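Everything on this sheet refers to the single structure shown next.
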Amino acid sequence: MPSPHRALLAAAVPLYLSMSAGVVAQLVGTALLGRQATAQLAAFALVNAVLTPVTAAVSGGLRGMAPFVAACRDRPGEALAVLKDARWLTLGLGAAGAGVMLGVPMIARIGGAPGEVAAEFGALPPLMAAQVLLYAAGSGAGGMLVALGRSRLVLRSGLSSTAANIVLHLVLVPRMGVQGSGVALLASTAVAVAVSNALLLRLPELRGRSPWPGRPRPREILRMARVGLPMSATLVVKFAVLGGVTYAAARTGAQGAAAHAVLLSLHGLLGLAAVARCRWSTPWPTTARS
């Protein structure tokens, strides 16, 4: 039997590398927007302050599937049914989250954001609403690959998405400003979803199968919700508080919000190892069955 420490390390390292690449992409985007205009970086920070807890809500819903997938580690066909149930749950969370993203201009007005910053939003909130829906509909394949013991495949998806993100930021932000950043994030999410699902369906046991939600199974979805929703709520509270700090910084002016965005992008480098280690420390079969 393989060592649990070795198994945990095998899962954590690809996740750490993938998440590190994502942080690098965030740093690139922040730097480009900062060079473009202070108000545009501040606008992106305010939108991202809402996007982060919304995405965390969907991510928390996906985490609820981990122990159920792990219990089917030797039966990938059954694990795929669990993924479909999870996507019904996350589609509900994603639809609610997309509505919140569309309300970002109103949130900014209530939060006292400067008018010059709110004027830079443009199409960014709708673009991020579309990203949330896409993430909710197509994510989870990477988590399933980890739970099935195929962690190295997740790195391919993460690196592909990061490469698309960086290239599109470099091309679009100088021409489109903060709107280009929104297009880059939406496109990179599409790449991540496409690659991770394609890799999942390349597994011999799943070839010819569809990963998209079919007929809902209410009982199984409810079981998963009992696990995922508390995680989702915890993440939402945490990141909503951090988002509130961003809006508090914005009340001091565009420069305050932009400076806060730079600090957040640098801070993202600090907790990566702990997050990568803990994020998938529960999916192993012995844990799921205990």
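Here are the numbers for the structure shown:
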read-out	value
Net charge over other residues, Cβ less than 14 angstrom from the Cβ of residue 41 (K, R count +1; D, E count -1)	-1
Rounded percent of accessible protein surface that carbon and sulfur make up, the range 140-230, 1.4 Å probe	60 percent
Total formal charge among the other residues, if their Cβ is under 11 angstrom from that of residue 156, Lys/Arg +1 and Asp/Glu -1	+3
Whole-angstrom Cα spans of the range 149-250 along principal axes, big to small	45, 32, 26
Residues of the range 185-227: accessible area per residue with a 1.4 Å probe, Å²	61 Å²
Gain in span if fully extended, residue 219 to residue 245, counting 0.36 nm per residue against the direct Cα distance	5.5 nm
Shape call, the range 14-111: gyration tensor on alpha carbons, a/c limit 1.5	oblate
Radius of gyration, Dmax [the range 83-187; alpha carbons; angstrom]	16.4, 50
Extension gain (nm, one decimal) between residue 262 and residue 102, 0.36 nm per residue minus Cα-Cα	55.2 nm
Accessible area of the range 59-117 belonging to carbon and sulfur atoms, whole % at 1.4 Å probe	65 percent
Additional length obtainable on full extension of the chain from residue 116 to residue 95, 0.36 nm per residue less Cα span	4.6 nm
Accessible area of the range 35-88 divided out per residue, in Å², using a probe of 1.4 angstrom	30 Å²
At R0 = 41 Å, FRET efficiency that the Cβ-Cβ distance of residue 27 and residue 210 yields, to 0.05	0.65
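The values are calculated or read from the model by the stated rules, or taken from the named source; none is laboratory data. Values in this document were obtained by computation on a predicted structure and should not be read as measured data. With ideal geometry, Cβ positions are generated from the backbone for all residues, glycine too; neighbour counts draw on all protein chains shown. Heavy atoms of the whole protein, side chains included, go into the accessibility calculation; ligands, DNA and RNA do not. Shrake-Rupley method; radii C 1.70, N 1.55, O 1.52, S 1.80 Å.
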